[in-house]
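Contents: one structure, followed by commentary.
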Amino acid sequence: MHQKKKIAVLGATGSIGRSTLDVVRLERERFEVHSLAGGSRIEPLVEAAREFGVKRVAIADAAKHDELARALREAGLGKTEVLAGERAAAELAADPDADMVLHAVVGAAGLRPAFAAAAAGKRLLLANKESVVCGGELLMNAVKMGGADLYPVDSEHSAIFQCLAGAGEEARRGARLILTASGGPFRGRRDLSGITPAMAVKHPKWSMGRKISVDSATLMNKGLEVIEASWLFGFPADRIDVVVHPESIVHSMVEYADGSVIAQLAMPDMKTPIALAMGWPERIDGGTAKLSLAKIGSLTFEEPDREVFPLLDIACRALREGGAATIVLNAADEEAVAAFLDERIGFTDIFRVVEETLEDCAGLGAPRSLEEIFEADRSARRAARLIIERLA
Ligand code: NAD
Ligand code: MG
């Protein structure tokens, strides 16, 4: 019998965090939840802490420390250690007792835990794409220097990881990545006026957190994923394509020099990439339904509409531009999406906020440290908020 692998689950109360706990429930012989980190909700953290008997629980909202400690005591978990504050998740990521870190915090708040897990040499199962978009080369270097193993959990990147497995150096150099996109809830629309938050978070194929759901509706999510793929796999922007595939069965592809295209297919369920990252090079059954192609009947593909959804190209431009552009892009998008969800700005205002923030912050140099990433992120947020105020 192998020793159980101990997992720190960051963003445990979210969509990916909950799916991860579902996978662990099926694989209790192999995995154990060592710690949990959440943002501000106490009840689901306590419930999961009780079910999995975890040693440490972290909450980002520092003001909730005492309330969380009390709730854990009342649940009979008086010995569970409580951490609170913006750095708490990073502390769990670096815990010497954890073998793996499943990182599903949302947004640039995920930067610190990603760097912490990298420096501590963890097996890092990374869903938080924003840390790759902002961390870029610095994060990839931290992973290398720390001796960490990074497994992407984003479904497209998990697919590409699998399609590249076994390819030699030359084969990779001659290859092209093809990311699939569902197209989101507004695929085919020419007019995006009058879209409400409730409409934007209702994704046709995936059930996800609110921020990534809005990003999927604007196609910003695909732009962030092009940037993510570029860093994770070392491919330049001009060798990464996007194709819309509304059925969300083909999760991405790699085209090689000989014309062969290797694809990964599965039902759209994040438990597949989560289980892959947990088990690779083994394959574990995380509970995703098996694919029946005959039942699905046909798979369709089309070009993305880059005019109606301009953020895809804007994101690719930021990747080409380099410097701090992808950090600015991400910060502006986070601010704009939050303002849209609060009904302070309209749906298409998100495009304007991102584009104008990039103009206002043009020429910011490439960061040389995590602290410089935060500095660029802060300046971009300040600029974005001014634009939002004007539009609101
Ligand atoms: P979600 O909103 O459902 O969950 C986010 C989690 O992060 C929650 O547990 C929340 O409490 C926690 N959190 C927020 N701020 C925090 C902070 N400062 N410190 C610690 N925890 C904090 O989001 P999600 O859909 O699960 O997505 C999580 C990440 O995974 C995002 O980066 C997203 O882009 C990525 N991702 C999600 C999916 C998906 O299907 N949901 C697919 C691919 C990638
Ligand atoms: Mg994805």
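Numbers below:
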{"quantity": "Dipole in debye (nearest 20) - segment 1-72, about Cα centre, beta carbon charges: Lys, Arg +1; Asp, Glu -1", "calculated": "260"}
{"quantity": "Ratio Rg/Rh, restricted to segment 195-266 and using Cα atoms, in which Rh is the Kirkwood radius", "calculated": "1.02"}
{"quantity": "Estimated distance in nm for a label pair at HIS2 and TRP206, the labels positioned 7 Å out from Cα along Cα-to-Cβ", "calculated": "2.7"}
{"quantity": "Distance cut-off 21 Å, percentage of C-alpha pairs in segment 207-341 lying past it", "calculated": "52"}
{"quantity": "Cβ-placed point charges (K, R +1; D, E -1), dipole of the chain about Cα centre in debye, nearest 20", "calculated": "920"}
{"quantity": "Within a Gaussian network of the chain (alpha carbon springs, distance under 10 Å), most fluctuating of ARG210, ARG28, ARG187", "calculated": "ARG28"}
{"quantity": "Peptide ranges 222-231, 247-256 listed from the most packed, as the mean C-beta count within 10 angstrom indicates", "calculated": "222-231, 247-256"}
{"quantity": "Cα-centre dipole for segment 322-392 with unit charges at Cβ (Lys and Arg positive, Asp and Glu negative), debye to 20", "calculated": "100"}
{"quantity": "Among PRO96, PRO152, PRO304: highest mean-square fluctuation, GNM of the chain, C-alpha pairs under 10 Å", "calculated": "PRO96"}
{"quantity": "Distance from segment 1-55 to segment 262-296 (C-alpha centre basis), Å", "calculated": "20"}
{"quantity": "Peptide ranges 189-200, 340-351 listed from the most packed, as the mean C-beta count within 10 angstrom indicates", "calculated": "340-351, 189-200"}
{"quantity": "Kyte-Doolittle mean at least 0.0, axial Cα span of 18 Å or more - DSSP H helices of the chain", "calculated": "129-146, 220-233, 325-341"}
{"quantity": "Rounded FRET efficiency, nearest 0.05, which uses the C-beta distance separating ARG378 from ARG25 and R0 of 56 Å", "calculated": "0.90"}
{"quantity": "P(r) of segment 322-392 over all Cα-Cα pairs, binned every 5 Å from zero, in whole percent", "calculated": "3, 21, 31, 21, 13, 7, 3, 0"}
{"quantity": "Surface per residue (accessible, 1.4 Å probe) for segment 322-392, Å²", "calculated": "45"}
{"quantity": "Gained length - GLU282 relative to ALA167, 0.36 nm times residue gap less alpha-carbon distance", "calculated": "39.6 nm"}
{"quantity": "Beta bridges per DSSP with both ends in the chain, % antiparallel, nearest 5", "calculated": "20"}
{"quantity": "Chain lengthening between LEU293 and ASP313 when straightened (0.36 nm per residue, less Cα-Cα)", "calculated": "4.0 nm"}
{"quantity": "Stretchable slack from VAL243 to SER369, in nm (0.36 nm times residue separation minus alpha-carbon distance)", "calculated": "41.9 nm"}
{"quantity": "Reachable lysines from LYS6, criterion Cα separation under 24 angstrom, eight or more residues apart if same chain", "calculated": "LYS55, LYS79, LYS122, LYS129, LYS144, LYS271"}
{"quantity": "Sum of side-chain charges, ALA392 neighbourhood, beta-carbon under 15 Å (Lys, Arg +1; Asp, Glu -1)", "calculated": "-2"}
{"quantity": "Whole-number accessible area per residue in Å² for segment 19-95, which is evaluated in the context of all protein chains at 1.4 Å", "calculated": "49"}
{"quantity": "Spherically averaged projected area in nm², based on the convex hull that wraps the Cα atoms of the chain", "calculated": "19.6"}
{"quantity": "Accessible-area ranking of SER158, SER207, largest first, probe 1.4 Å", "calculated": "SER207, SER158"}
{"quantity": "Peptides 49-58, 235-244 ordered by average Cβ neighbours within 10 Å, highest first", "calculated": "49-58, 235-244"}
{"quantity": "Carbon and sulfur %, accessible surface of the chain computed with the full protein complex present, 1.4 Å", "calculated": "48"}
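The values are calculated or read from the model by the stated rules, or taken from the named source; none is laboratory data. This structure is a prediction, so every number in the text was calculated from the model and none was measured. For neighbour counting, all protein chains shown are included, and Cβ atoms are generated from backbone atoms with ideal geometry for every residue, glycine included. Just so you know, the surface numbers come from the protein's heavy atoms only, side chains and all, with ligands and any DNA or RNA stripped out. Shrake-Rupley method; radii C 1.70, N 1.55, O 1.52, S 1.80 Å.
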